[in-house]
Amino acid sequence: MRKTKRSEETKKIILITAGKLFAEKGYDAVSIREIAKKAGCSHTTIYLYFKDKEALLHELTMPSLKNLQQNMLRTVEMYSLTSEEKLKGICNEFIHFCLTNKSVYSIFINVKSSRVDEQEPELEINKLRLEIFAIMKHLLGNCLSLPDDEQLLAFSRIFFYNLYGILSTYSYQHEPTEILMERLTPTFDLTVEILISGFKEKINQGENRNENKKSI
């Protein structure tokens, strides 16, 4: 029992140390040996728990991302809400998640990431990231009455860029996340409304151009 507890503590220390180093230096710049040195163990000890650095990244990020996904899906399943209200809800879930994990959210979202239109990503973490992106894209498609096509993918990318801009703006502030969310959620919701309005206008412009071409 004591040996098992010590083993779990060692694994936890390795994960915490890796997270800190990835946040400080970037995933690619950190080696297993450096993690081991900072964690106070040998690099061979790390290989007792993790096959390689990717496996370490996987265990560091997957539990948190799965929790985020489940929170977002609970919002999606709230049938009393409109699609726009659901979209606002999952955006606030995403922002809250990232600001709660200020030092490592970029690791959760970006490290070893694939394209959002990749059909069969190799890493499990990227499958989960794409599932999270797909929730947002699906709700945006519902708000705009668009099929799952290239236009919706483009709009979804733009939508995500704006979310990431919010994170870049507030991730370095020392204001507690709960207070910040209470203060700025109305602004975040307004951002969603403006983006949806702009996308609808763009769709209407395209439809009008097509109608003009037909009438010529």
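What follows is calculated from the coordinates using simple rules that are stated; it is not laboratory data. Nothing here was measured: the structure is a model prediction, and the numbers come from that model. We place every Cβ from the backbone using ideal geometry, glycine too, and count neighbours over all the protein chains shown.
What dipole magnitude, in Debye to the nearest 20, does segment 61-215 give about its Cα centre under +1 on Lys/Arg Cβ and -1 on Asp/Glu Cβ? Write out the running numbers ahead of the final one.
Details: 17 positive and 21 negative charges, 49 e Å.
With Lys and Arg at +1 and Asp and Glu at -1, about 240 debye.
With point charges of +1 on the Cβ of Lys and Arg and -1 on the Cβ of Asp and Glu, referenced to the Cα centre of segment 85-189, which listed residue (Gln173, Ser103, Leu184) lies farthest in the positive direction of the dipole? So the residue furthest toward the plus end is Gln173. Simple spin-label estimate for Ile16 and Arg33 gives 2.6 nm between the two label positions (7 Å along the Cα-to-Cβ direction from each Cα). Farthest toward the positive end of the dipole of the chain, out of Asn126, Ile90, Gly141, is the Cα of Asn126, where the dipole comes from beta carbon charges about the Cα centre. What distance in nm lies between label points placed 7 Å from Cα along the C-beta direction at Glu85 and Leu123? Label-label distance for Glu85 and Leu123, simple model: 3.7 nm. Other residues whose C-beta falls under 12 angstrom from the C-beta of Phe188 contribute a net charge of -2, scoring Lys and Arg +1 and Asp and Glu -1. Extension gain, Ser103 to Glu9, is 31.7 nm, computed as 0.36 nm per intervening residue step minus the present C-alpha separation.
Using 1/(1 + (r/R0)^6) with R0 = 30 angstrom and r between the beta carbons of Ile203 and Met78, what's the FRET efficiency to the nearest 0.05? Please list the in-between numbers first.
Numbers: r = 26 Å, r/R0 = 0.88.
Efficiency computed from Cβ-Cβ geometry: 0.70.
Put a dot 7 Å past the Cα of Lys25, heading toward its Cβ, do the same for Gln70, and the two dots end up 3.4 nm apart.
About its Cα centre, segment 150-216 has a charge dipole of approximately 460 debye under the convention of +1 per Lys or Arg Cβ and -1 per Asp or Glu Cβ, with nothing else charged.
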